[in-house]
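A quick write-up on the structure given underneath.
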Amino acid sequence: MNTNFKDSGIAWIGQIPKHWEVKKIKYCLKENFSGCWGDDLENEQISHNSRLCIRVADFDFDKQKIKQTADTFRNYTKSQILSTKLQDGDLIIEKSGGGDKMPVGRSVVFEQNLFGAKEVLFANFCQCFRPLNINNKFFAHTMKAFYQNNNMRFFFNQTTGIQNLSIFNILNAFLPYPPLNEQKKIAEFLDKKCEIIDKRLENLEQKIKSLKEYKKSLISECVTKGINSKNMEFKDSRIPWIGQIPKHWEISKIKYYFNFSSGLNITKENLIESGIPVISYGQIHSKENTGTFIKDSFFRFISQDYLKNKKSLVNKGNFIFADTSEDLDGAGNSVFVDLDLIMFAGYHTIILKNKCNFEFSKFLSYLFQTDLWRSQIRLAVSGVKVFSITKKILANCEILVPPLNEQKKIAEFLDKKCEKIDRLNENYTKQIATLKEYKKSLIYECVTGKKEI
């Protein structure tokens, strides 16, 4: 390390330039105070007492800004408005909430120009840090580095599922503190660099979104109209979700092609580190699940004792549907078994056991992904907070039945196309991860003086 550096004495900061200091957060603040939730609007109408209230849900942590979509209004007294309204450059820090993957303590900068002349307040789950004798943007970048280096774990307690940040303790935590002119220089450099990185990230995220929409549209087109639809004659299916279909295709119901059974009634205690794979309700609804094929990462295991339960065994060509969903969008979530492997379906699942051929199941694996097909399940399910998907609902769902040779061609065509799309998306996802890691490293190196500006 260069001789112009010294040990800061703070583990997460490490070495800093010799002429820099470290300061407790409380000595960088003019004041700090808690937010206020206020009262409900009367008859849901905004009045002269109403003010925009910023919640953690309005945080854009990546950009450290407040989303302009923030739209929660609450009623406040004059004294509440005077004591808790935000000023330009304030840092709003989340002090209650969080979770294992996203600990409490994220922060954003309040920029008055985004909200015009409006008085803006913030919720009681947050704390306002109002900077003094520190560049507010340098302060924001430093607090982000503080958070991203996993420091918040030392400053919250968790007696229930909610993490509560100790404001007293965090005020006594140390931050790097360069001279004010250097703070300004670092903040301006990081603002420009981060803006460039954020634009690249947005571009990559848009590419992923567009590819996902294209994939969705492609699958729907192929499984309802075929591959060479321009050269086909069509007929009216007389079914709203299907519309026009190729003249030589048939329409049938799931019950004529599959037998039905239920998954094992097991609990988390029955799951072990190795053994026989089992696919459970939670994995079917997992964000990792594209609705298509089972991945190795899905596997949880049960012991050999369950082998005697033949009804819950699934084979290649079978489907496993979740029998409940917490929202309508998830109604019809399933996975397709395309592996030659002894496997069980777990609790809260329905197994569709193929009575015909694998090629037809492969075609249906794509049909079952479409919103068009799933719309009939969404119309049939019952429930309020939890929607129930029964064997009867699935049995009477209508399916399209092209000739066997077309089933095979459509599935093979979609396999190739979707593989290319997924590869592209995987590549974009890796680029996003690399850029985010670079941004994190850049902020840390700049605010601790390890990178020369």
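The values are calculated or read from the model by the stated rules, or taken from the named source; none is laboratory data. Source: prediction; values computed, not measured. Quick reminder, even Gly has a Cβ in these numbers, built from the backbone with ideal geometry, and neighbours come from all protein chains shown.
Here is a list of conditions, (1) of a type in the set (V, I, T); (2) within 30 Å of N203 (Cα to Cα); (3) in a helix (DSSP H, G or I), and I453 meets all of them except one; can you say which number that is?
(3)
Name every residue in the stretch 114-145 that is under 29 Å from the mean Cα position of the chain (by Cα) and either under 27 Å from D40 (Cα atoms) or not assigned by TED's automatic domain parsing to the domain that holds V22 (or both), in order of residue number.
Selection gives L114, F115, V120, L121, F122, A123, N124, F125, C126, Q127, C128, F129.
State yes or no: is K316 closer than 24 Å to G226 by Cα, surrounded by fewer than 16 Cβ atoms within 10 Å (Cβ to Cβ), at pLDDT 90 or above and of a type in the set (D, E, K, R)?
No: the conditions fail for K316.
Pull up the stretch 173-201, narrow it to residues that are in contact (Cβ under 8 Å) with a residue 24 or more places away in the chain and among the basic types (K, R), then point me to the one that is nearest to K440 (Cα to Cα).
Top of the filtered list is K193.
If E412 passes every condition in (1) surrounded by fewer than 17 Cβ atoms within 10 Å (Cβ to Cβ); (2) under 23 Å from the mean Cα position of the chain (by Cα) but one, which one does it miss?
Answer for E412: the failing condition is (2).
Answer with yes or no whether K85 is crowded, with 19+ Cβ neighbours inside 10 Å, touching a residue at least 12 places away in the same chain (Cβ under 8 Å) and farther than 28 Å from R200 by Cβ.
no
Whether any residue in the stretch 282-301 is at positive phi, assigned by TED's automatic domain parsing to the domain that holds Y256 and at pLDDT 90 or above is what I want to check.
Scanning the stretch 282-301, I find no residue that is at positive phi, assigned by TED's automatic domain parsing to the domain that holds Y256 and at pLDDT 90 or above, so the answer is no.
Check whether at least one residue in the stretch 221-228 is without any contact (Cβ under 8 Å) to a residue 24 or more places away in the chain, surrounded by fewer than 17 Cβ atoms within 10 Å (Cβ to Cβ) and under 23 Å from L442 (Cβ atoms), and report yes or no.
The answer is no; no qualifying residue exists.
Return a yes/no flag: does the stretch 317-327 have any residue that is polar (S, T, N, Q), under 29 Å from F234 (Cβ atoms) and assigned by TED's automatic domain parsing to the domain that holds N265.
No, the stretch 317-327 has no match at all.
So, in the stretch 150-207, of the ones that are in contact with a helix residue (DSSP H, G or I) (Cβ under 8 Å, 6 or more places away or on another chain) and in a strand (DSSP E or B), which residue ends up surrounded by the most Cβ atoms within 10 Å (Cβ to Cβ)?
In this case the residue turns out to be P176.
Determine whether the stretch 60-78 contains at least one residue that is of a type in the set (F, W, Y), buried (at least 18 other Cβ atoms within 10 Å of the Cβ) and closer than 27 Å to L171 by Cβ.
For the stretch 60-78, residues of a type in the set (F, W, Y), buried (at least 18 other Cβ atoms within 10 Å of the Cβ) and closer than 27 Å to L171 by Cβ: present.
Can you name every residue in the stretch 11-62 that is among the acidic types (D, E) and either in contact with a helix residue (DSSP H, G or I) (Cβ under 7 Å, 6 or more places away or on another chain) or under 30 Å from K451 (Cβ atoms) (or both)?
Across the stretch 11-62, the qualifying residues are E21, D60, D62.
Strands (runs of 3 or more DSSP E) wholly in the stretch 1-105 with at least 1 residues that are under 32 Å from the mean Cα position of the chain (by Cα) and closer than 22 Å to A145 by Cα - which ones?
29-34, 91-94
What do you reckon, is I377 closer than 28 Å to M232 by Cβ and either touching a residue at least 24 places away in the same chain (Cβ under 8 Å) or among the hydrophobic types (A, V, I, L, M, F, W, C) (or both)?
Yes: the conditions hold for I377.
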